[in-house]
Amino acid sequence: MGLEIERESLRFRGKASIAMGIALLALSWAVATYYYRILPDTVPTHYDLYGRPNGWGSKASLLLAPAILTGVGIALLAVIKYRYTMIERYPYLVNMPAFMILVSSDRLTPTERSSIVNMVFEVISIELALLGLLGLEITYFSFTMVTGGSSIGLFSSTLYTTIAIMIAIPLFLFYKTYTKIKTMLSTSEHRR
């Protein structure tokens, strides 16, 4: 595509979000490892609406949630790390047409393009941190419900809250990013 974009590292917010996401995913594995060692081989794996077990399986099945969320986290890390390579060499992998048109705009300097790329990918890094929180919640409640330490109601309410946050925060940040980009574009028009 031949885009000229200055490669800049993420700002502090992006780096801190990545670190928090990795730490929370690691903590979910620590919780899983702790409980895995003390659980019997067969455990409840499904509950009815009243919190009574109605499905049983191997305790290894409780490791599925942290494994899947860790895999998604690794994929997000790869996308964040190789963001410039994807945009420059494989733009079809970035399925955000408006973003690609904006970044390709000749009205922007290479530094402004880089700033836009980092703003968008910082939101993705925040999603990584929220994914880590979700992983920790699912892991903790899965194992504590098996041992009788927490209720399905508490799990449901915290899970719904986390999912709502996972939707609301990125929407808010994308709106803020959009506002900054509009300002950047109007400033670039005044320079011409």
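A count restricted to region 83-113 and to residues that are hydrophobic (A, V, I, L, M, F, W, C) and under 22 Å from the mean Cα position of the chain (by Cα) stands at 8. Among the residues of this structure, residue 144 does not count as one that is among the polar types (S, T, N, Q), within 14 Å of the chain's Cα centre (by Cα) and closer than 20 Å to residue 32 by Cβ. Only residues that are in a helix (DSSP H, G or I), under 17 Å from residue 7 (Cβ atoms) and at pLDDT below 75 were counted across region 101-110, and they come to 1.
Within region 132-162, the residues that satisfy the criterion of being exposed (fewer than 13 other Cβ atoms within 10 Å of the Cβ) and assigned to a helix (DSSP H, G or I) are 153, 157, 160, 161. When the test is whether a residue is closer than 23 Å to residue 74 by Cα, at pLDDT 90 or above and in contact with a helix residue (DSSP H, G or I) (Cβ under 8 Å, 6 or more places away or on another chain), residue 133 passes it.
Please specify each residue of region 27-38 satisfying the condition of being surrounded by fewer than 16 Cβ atoms within 10 Å (Cβ to Cβ) and of a type in the set (A, V, I, L, M, F, W, C). Steps first, answer last, please.
First, the residues of region 27-38 that are surrounded by fewer than 16 Cβ atoms within 10 Å (Cβ to Cβ): 30, 33-34, 36-38.
Correct list: 30, 38.
Residues in region 169-182: is at least one within 30 Å of residue 36 (Cβ to Cβ), at pLDDT 90 or above and under 17 Å from the mean Cα position of the chain (by Cα)?
Scanning region 169-182 turns up no residue that is within 30 Å of residue 36 (Cβ to Cβ), at pLDDT 90 or above and under 17 Å from the mean Cα position of the chain (by Cα).
Among the residues of region 143-151, are any modelled with pLDDT of 85 or more, under 30 Å from residue 50 (Cβ atoms), among the small types (Gly, Ala, Ser) and out of contact with any helix residue (DSSP H, G or I) (no Cβ under 9 Å at 6 or more places or on another chain)? No - not one qualifying residue is present in region 143-151.
Only one of 52, 13 is of a type outside the set (Ser, Thr, Tyr) and free of Cβ contacts under 8 Å to residues at least 60 places away in the same chain; which? Checking each option against the conditions leaves just 52. Each residue in region 41-82 was checked for being at pLDDT below 90, in a helix (DSSP H, G or I) and surrounded by fewer than 11 Cβ atoms within 10 Å (Cβ to Cβ), and 0 of them qualify.
Among the residues of region 83-100, just one is loosely packed, with under 13 Cβ neighbours inside 10 Å and at pLDDT 85 or above, namely 85.
Taking the conditions exactly as written (at negative phi and at pLDDT 80 or above), does residue 115 satisfy them or not? In short, yes. Residue 4 meets the conditions (1) at pLDDT below 90; (2) over 27 Å from residue 86 (Cα atoms); (3) among the charged types (D, E, K, R) in every case but one. The failed one is (2).
Annotation note: Cβ proximity below 6 Å between a residue of region 16-32 that is more than 8 Å from residue 132 (Cβ to Cβ) and a residue that is among the polar types (S, T, N, Q) and crowded, with 18+ Cβ neighbours inside 10 Å (sequence gap 6+ or interchain) occurs for 17/125; 18/125; 31/139; 32/139.
The values are calculated or read from the model by the stated rules, or taken from the named source; none is laboratory data. Predicted model, so just to flag it, every value in this text is computed and none were measured. Here the Cβ is made from the backbone with ideal geometry for all residues, glycine too, and neighbour counts use every protein chain on show.
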